[in-house]
Amino acid sequence: MEGAITAIEAEKTSTTTVKIHLDSGQAFRVTKEVVLQAGLRTGLTLTDDQVRDLLNRDALERTYDRVLHFLSYRPRSESEVRHYLVRKKTSPEILQSIVERLKREGLIDDNAFARFWVDNRSTFSPRGQRLLRQELRLKGLASSVIEENLPQDEEESAYAAAAKRARALAQADWETFCRKLLPFLQRRGFAYDTAKGAVARLWKEARPPS
């Protein structure tokens, strides 16, 4: 496919795509972004290789836009982005180019992602280091990144995780209080001793000396 551009026509069904007509009678579609980047205009002659390059750049821009939409819901780890692109059957060359671009632009950063994940858990659903490690490994983060961003105060995290449930058990006896809270904290990834310390603290606070 080659020839001089005879018209650049806006697509009726898309606000981001245009149709490039060539004097050879052939035509192809690319995004407006590619048109601007390449400086396309009527009268410009394109070789077959140039058209192929434009189509590759178009594929990259379209895929990049889809990834931005994927990132709009919440931060993602690099591994999550890579898996998303593989699921979309992205070529290895475009995949790598997009990942490098996102990293340059600060849109994927595994350290920032780990901080987001840990902070979010601490705020809405506190859990222990063991479970956080497991979750972050599943997100594809390196061990060094995980360890650097784990919360250091396990006892405070366990206390925060059980505080709401403890209030609901204000009238329970010690045996029931422990039976309800200890397994809950262990399921959240806290070690037995840490969980036991948090339960004892909550019990004491719920029943101050008269």
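Computed from the coordinates by the stated procedures, all read-outs in this text should not be read as laboratory data. Quick caveat, the model's predicted, so the values are computed rather than measured. In this analysis, Cβ positions are derived from the backbone assuming ideal geometry, glycine residues included, and neighbour counts consider all displayed protein chains.
Structure notes:
- Between 0 and 90°, nearest 10: helix 174-187 axis offset from the chain longest Cα axis: 20
- Straight-line cross-link reach from LYS180 at under 17 Å between alpha-carbon atoms covers these lysines, not counting any fewer than eight positions away in the same chain: LYS164, LYS196, LYS204.
- Filtered chymotrypsin sites (Phe, Trp or Tyr not before Pro), the stretch 72-155: DSSP coil and at most 14 other beta carbons within 10 Å: TYR73
- For the stretch 110-149, the alpha-carbon coordinates run over 24, 19, 15 Å along the three principal axes, in decreasing order.
- Dividing the helix sum by the residues of the chain, where each DSSP H run of 4 or more adds -39500 (n - 2.57), gives a mean residue ellipticity at 222 nm of -19500 deg cm²/dmol.
- Computed on the chain, with alpha-carbon pairs under 8 angstrom and 6+ residues apart, the relative contact order is 14 percent.
- Loop-resident sites, the stretch 1-101, for trypsin sites (Lys or Arg not before Pro), counting at most 15 other Cβ within 10 Å (DSSP): LYS12, ARG41, LYS88, LYS89
- Proximal charge balance of CYS178 [Cβ under 14 Å; K/R count +1, D/E count -1]: +4
- Relative contact order, whole percent, for the stretch 73-135 stands at 38, derived from Cα pairs under 8 Å and 6 or more residues apart.
- In the chain, the inverse of the mean reciprocal separation of distinct Cα atoms equals 21.4 Å; this is its Kirkwood hydrodynamic radius.
- Based on Cα contacts under 8 Å between residues 6+ apart, the stretch 3-104 shows a relative contact order of 20 percent.
- Reachable aspartates and glutamates from LYS89, criterion Cα separation under 13 angstrom, eight or more residues apart if same chain: none
- Estimated dipole of the chain in Debye, rounded to 20 [Cβ of Lys and Arg +1, of Asp and Glu -1, Cα centre]: 1200
- Seen against the Cα atoms of the chain and their longest principal axis, helix 192-206 is set at about 70 degrees.
- Helix 110-124 axis versus longest C-alpha principal axis of the chain: approximately 40°, rounded to the nearest ten.
- Sparsely packed GluC sites (Glu not before Pro) within the stretch 37-128, loop by DSSP, other Cβ within 10 Å at most 13: GLU105
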